[in-house]
1. Residue under question is L80, and the condition is that it be of a type in the set (A, V, I, L, M), surrounded by 14 or more Cβ atoms within 10 Å (Cβ to Cβ) and touching a strand residue (DSSP E or B) at 6+ places or on another chain (Cβ under 7 Å); does it hold?
2. Among (1) surrounded by 12 or more Cβ atoms within 10 Å (Cβ to Cβ); (2) more than 21 Å from the chain's Cα centre (by Cα), there is one condition R26 misses while meeting the rest; what is its number?
3. Can you name the number of the only condition in (1) modelled with pLDDT under 75; (2) part of a helix (DSSP H, G or I) that W31 fails?
4. Please go through segment 36-78 and give me each residue that is more than 17 Å from L93 (Cα to Cα), part of a loop (DSSP other than H, G, I, E, B) and within 18 Å of the chain's Cα centre (by Cα), ordered by number.
Amino acid sequence: MSFVRTLEGNAPALPVAPSREGPDLRKDREWHRGPAVVCRADGDRYLLVEYGPNVLDLNLRFRRTCARERMRGAELPGILDITPGVRSAAHSLRHASTASRGVAR
């Protein structure tokens, strides 16, 4: 504590940060003979699912729309809402624990 009061001597060592897990929960290069799919954690309660490369493509948009409608029809527990993007969909989850690797499968 003397360092804090006087700013003399060696500063106390900082604790080592634990290793962090990346946001990608799942990556499939080709999904059912379609475009690549990446599932990413998006905060505590969202799962972002991206289809294909980062380009404006109406085929990808159609695939995303079909996938969203199938997920809504399945009424999966824990998914509150699905917000569409151009080539992605953000899934709003009921609990932070729902945003696990199991949901991405």
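The values are calculated or read from the model by the stated rules, or taken from the named source; none is laboratory data. The structure displayed is predicted, hence computed values, not measured ones. Note that we place each Cβ from the backbone using ideal geometry, even for glycine, and neighbour counts take in every protein chain shown.
1. Considered against the rule, which asks whether it is of a type in the set (A, V, I, L, M), surrounded by 14 or more Cβ atoms within 10 Å (Cβ to Cβ) and touching a strand residue (DSSP E or B) at 6+ places or on another chain (Cβ under 7 Å), L80 comes out as no.
2. (2)
3. Single failed check for W31: (2).
4. A36, G52, P53, N54
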